[in-house]
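The values are calculated or read from the model by the stated rules, or taken from the named source; none is laboratory data. None of the values given here were measured: they were computed from a predicted structure. Every residue, glycine as well, gets a Cβ built from its backbone with ideal geometry; the counts of neighbours run over all protein chains shown. Ligands, DNA and RNA are excluded from the accessible area calculation, which covers all protein heavy atoms including side chains. Shrake-Rupley method; radii C 1.70, N 1.55, O 1.52, S 1.80 Å.
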Amino acid sequence: MLKWFYPKLYISSYQLLNPDYLKQHHIKLLVCDIDNTLVPHDVADPDEAVFAFVEKMKEHGILMALVSNNVEERVKVFAKPLGIPYYPFAKKPFQKQYHQILKDFKLSRDEVAVLGDQLLTDMLGGNLAHFYTILSKPVVTRDLKWTKINRLFENLIYRLLEHKELLIRGEFDDETL
Ligand SMILES: [Mg+2]
């Protein structure tokens, strides 16, 4: 049961993720969360670091898609300048949008990685889809109202994972990158 909630890779920042690591794991598409993974939820536009990250992935042939539970306007405004496909109101961890992505990109499950900051949405959804899951530390501690509720459950899951020594919060795999 707990295995559905923890990632294959746990990193302190999305910026550490590099195309070589993804290629070694036969990943062709990086499905990326926005809020608190790339920028705080109340930052509307991508910053320089996000542009640089997207450029680095593009240069090395890694495809990207932005998948968010947030509303269309927020996701569109963020995604458009980056020029990458976006999937708003994704209802993660539900699988419908992931199935759509597999169809749209014509990829198999083992060619997709999910990057996100939440266990209950990004990691659970990605693991249920049998994608490669990458958890990043939230960029800030402030959250959207509904995310705050998720975080209460998430704290409980972190405690269970720590108790079983499956995932220790703050003990990142950064050195494997
Ligand atoms: Mg998030």
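Ranking of Y98, Y6, Y132 by solvent-accessible surface, largest first: Y6, Y132, Y98 (1.4 Å probe, protein heavy atoms only, all chains present). Neighbours of L128 by Cβ distance under 12 Å: Lys/Arg scored +1, Asp/Glu scored -1, total +3. Per residue, the stretch 2-176 exposes 51 Å² of accessible surface when a 1.4 Å probe is rolled over the protein heavy atoms with every protein chain present. Amide H contacts of Y86: L66, each under 5 Å away and 5 or more positions distant or on a separate chain (H built 1.01 Å from N in the peptide plane; Pro and chain starts excluded). Near the amide H of Y10, within less than 5 Å, lie the amide hydrogens of L135, D173, all on another chain or at least 5 residues away, with H placed in the peptide plane.
Within the accessible surface of the stretch 2-176, defined with a 1.4 Å probe on protein heavy atoms only, the carbon and sulfur portion equals 57 percent.
The orientation-averaged shadow of the Cα convex hull for the stretch 97-158, equal to a quarter of the hull surface, comes to 4.6 nm².
Of the GluC sites (Glu not before Pro) in the stretch 81-177, the ones in a loop by DSSP (not H, G, I, E or B) with at most 13 other beta carbons within 10 Å are E165, E171.
With contacts taken as Cα pairs under 8 Å and at least 6 residues apart, the chain reaches a relative contact order of 33 percent.
Here the spin labels are modelled as points 7 Å beyond Cα on the Cα-Cβ line, and at F105 and V43 they lie 2.3 nm apart.
Find how many whole Å separate the alpha carbon centroid of the stretch 127-177 from the alpha carbon centroid of the stretch 1-65. Comparing the Cα centres of the stretch 1-65 and the stretch 127-177, I get a distance of 15 Å.
As a ratio to 2.2 N^0.38 Å, the alpha-carbon radius of gyration computed for the stretch 2-176 takes the value 0.95. Between K96 and L152, the C-beta separation translates, for a Förster distance of 35 Å, into a calculated FRET efficiency of about 0.85.
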